[in-house]
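The next block holds one structure in the form of structure tokens; read it before the comments.
The values are calculated or read from the model by the stated rules, or taken from the named source; none is laboratory data. Everything quoted here is computed from the prediction, not taken from an experiment. Please note: Cβ atoms are built from the backbone with ideal geometry, for glycine as well, and neighbour counts cover all protein chains shown.
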């Protein structure tokens, strides 16, 4: 029997006269991996930020978001981890990688600095970074884009959250590194039993590892369903056009390996 993790009912987000999200209804199941698909401006990142409580103050919000599995509104860092498109914006440039990954366990798991640093080093190794002990003392600018994204994922899961939100977490990376990051997210979510919300414009990339697709266009949810159902029999013409734009959805890249 499936358990409801999050329920979104009639969610609308407006900025002045502009509607970013329009009456969205969507449920997330515990342990489910859901991809939010859509072009730039479709509202998919607005949805992610609404769930995370990261919308700007000027946003006008209608509708309801409830969290049956948690029993309370989620706390950033503790109940959910957020991986942004540009990992460079997530880091403090004057703090070491070790300090930044260790901060979550220290704050949310009640670990002392020594224990928190040990967990941080363990996580850097787990996300496939070479020489994690040395990287603990490195600064963000000393890492490649792919390495910074792996560190961002390590930091996002450091406090063992129930929900991981990856908002265009691969779009700034080359194709090979994209596939490696997707493979990493897939394995981590399975191992930790997390619920995953994967935000992307790339339906081919997402379709290889998520359970369900939700397609957005112009702030509206135009279609949602199991991956195979949506790919084989899209109910919406926009979804069909997205699928047609990719030559081979049956074998999306799923390369795993060491950090780039």
| task | Would you check if residue 20 is more than 29 Å from residue 190 (Cα to Cα), surrounded by 18 or more Cβ atoms within 10 Å (Cβ to Cβ) and in contact with a strand residue (DSSP E or B) (Cβ under 6 Å, 6 or more places away or on another chain)? | result | yes
| Restricted to the stretch 73-94, and to residues that are part of a loop (DSSP other than H, G, I, E, B) and free of Cβ contacts under 8 Å to residues at least 60 places away in the same chain, which residue is farthest from the chain's Cα centre (by Cα)? | 94
| query | For the subset of the stretch 29-41 comprising residues that are buried (at least 17 other Cβ atoms within 10 Å of the Cβ) and either under 17 Å from residue 222 (Cα atoms) or over 16 Å from the mean Cα position of the chain (by Cα) (or both), which member is modelled with the lowest pLDDT? | reply | 38
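Going by the conditions given, is residue 224 under 30 Å from residue 70 (Cβ atoms), assigned to a strand (DSSP E or B) and more than 16 Å from the chain's Cα centre (by Cα)?
Against the criterion (under 30 Å from residue 70 (Cβ atoms), assigned to a strand (DSSP E or B) and more than 16 Å from the chain's Cα centre (by Cα)), residue 224 qualifies.
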| message | Taking the conditions exactly as written (assigned to a loop (DSSP other than H, G, I, E, B), in contact with a strand residue (DSSP E or B) (Cβ under 9 Å, 6 or more places away or on another chain) and in contact (Cβ under 8 Å) with a residue 60 or more places away in the chain), does residue 130 satisfy them or not? | response | no
| said: Just the residues that are surrounded by 16 or more Cβ atoms within 10 Å (Cβ to Cβ) and more than 13 Å from residue 23 (Cα to Cα), please, taken from the stretch 217-234. | reply: 223, 224, 225, 227, 230, 231, 234
| said: Among the residues of the stretch 113-127, are any surrounded by 15 or more Cβ atoms within 10 Å (Cβ to Cβ), touching a residue at least 60 places away in the same chain (Cβ under 8 Å) and within 21 Å of the chain's Cα centre (by Cα)? | reply: yes
| said: Residues to consider are 9, 44; find the one that is buried (at least 18 other Cβ atoms within 10 Å of the Cβ) and farther than 22 Å from residue 148 by Cα. | reply: 44
| field | Hits in the stretch 203-221 - residues which are in contact (Cβ under 8 Å) with a residue 60 or more places away in the chain and part of a loop (DSSP other than H, G, I, E, B) | value | 209, 210, 211, 218, 219
| query | Does residue 154 satisfy the condition of being buried (at least 22 other Cβ atoms within 10 Å of the Cβ), in a loop (DSSP other than H, G, I, E, B) and over 11 Å from the mean Cα position of the chain (by Cα)? | reply | no
| note | Only one of 49, 33, 14 is closer than 23 Å to residue 194 by Cα and out of contact with any helix residue (DSSP H, G or I) (no Cβ under 8 Å at 6 or more places or on another chain), namely 49
| query | Quick one: is residue 70 more than 26 Å from residue 177 (Cβ to Cβ), under 20 Å from the mean Cα position of the chain (by Cα) and part of a strand (DSSP E or B)? | reply | no
